[in-house]
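Chemist: The structure's right below; bear with me while I get my questions together.
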Amino acid sequence: MDHTTYTIIHLIGVAALAMGTGGMIAGGENRKLFSILQGVALLVMLASGFGLLAKLKLGYPHFAMVKTVLWLILGMMPMILRRFRVPMIGGVLVSLTLVGILAWLGLVKPGLW
């Protein structure tokens with residue numbers, strides 16, 4: 001696959017993660033479905049992200065290590081919000097900040113150039 005295909009798959013994973021996480025946070029009767037969607041989206045993002053790194057022949061640089069840690073934190077956000085009873089607005093702001101940092105790391109790739 002080429003660079004564009006990996007990027008599109010990765011962005012589809014990001015959109016599915018947003019839907020899954022939002023549905024889990026909102027709760028309701030379809031919470032299990034949203035939980036499955038979040039898990040599948042995280043796997044799609046992981047596979048396409050590492051596929052993109054391999055395609056670009058970058059190895060595993062420092063920005064990718066930071067992205068992996070932030071990816072894990074973002075995946076745990078619904079559990080963190082429920083367990084520690086964080087106010088919803090605080091959880092949304094933290095999640096948006098993490099997504100912004102992840103996007104910046106993916107676009108700029110600091111430390112490579």
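Chemist: In a GNM of the chain with a 10 Å cut-off on Cα contacts, which of Ala54, Ala18, Ala64 has the highest mean-square fluctuation?
Modeler: Checking each option, the largest mean-square fluctuation is seen for Ala54.
Chemist: Just the projected area, averaged over all directions, of the convex hull on the alpha carbon atoms of the chain: how many nm²?
Modeler: 7.1
Chemist: Straight-line reach only, C-alpha to C-alpha below 19 angstrom: list the lysines that Lys55 could link to, leaving out same-chain residues fewer than 8 apart.
Modeler: Cross-link targets: Lys67, Lys109.
Chemist: Counting only helical runs of four or more DSSP H residues, what would the 222 nm mean residue ellipticity of the chain come to if each run contributes -39,500 (n - 2.57) and the total is spread over all its residues?
Modeler: Mean residue ellipticity at 222 nm (helix-derived): -28500 deg cm²/dmol.
Chemist: Let me ask another. Can you tell me the mean projection area, over all orientations, of the convex hull of region 1-57's alpha carbons? Units nm², please.
Modeler: Values: hull surface 13.8 nm².
Mean projected area of the Cα convex hull: 3.4 nm².
Chemist: Could you give the dipole magnitude of the chain about its Cα centre, charging the beta-carbon of Lys and Arg +1 and that of Asp and Glu -1, in debye to the nearest 20?
Modeler: 240
Chemist: Follow-up. Compute the distribution of all C-alpha to C-alpha distances in region 70-113, in bins of 10 Å from 0, and list the percent of pairs in each, rounded to whole numbers.
Modeler: Going from the shortest bin to the longest, the percentages are 27, 45, 20, 8, 0.
Chemist: Below 20 Å, Cα to Cα, which lysines can Lys32 reach? Residues fewer than 8 away in the same chain don't count.
Modeler: Result set, ordered by chain and number: empty.
Chemist: Which residue, Leu37, Leu58, Leu17, tops the fluctuation ranking in a GNM of the chain built on C-alpha contacts under 10 Å?
Modeler: Most flexible of the set in this elastic network: Leu58.
Values quoted throughout were computed directly from the atomic coordinates according to the rules given, and no laboratory measurement underlies them. No experiment lies behind these values; they were computed from the predicted model shown. Don't worry about glycine lacking a Cβ; one is built from the backbone with ideal geometry, like all the others, and counts go over all protein chains shown.
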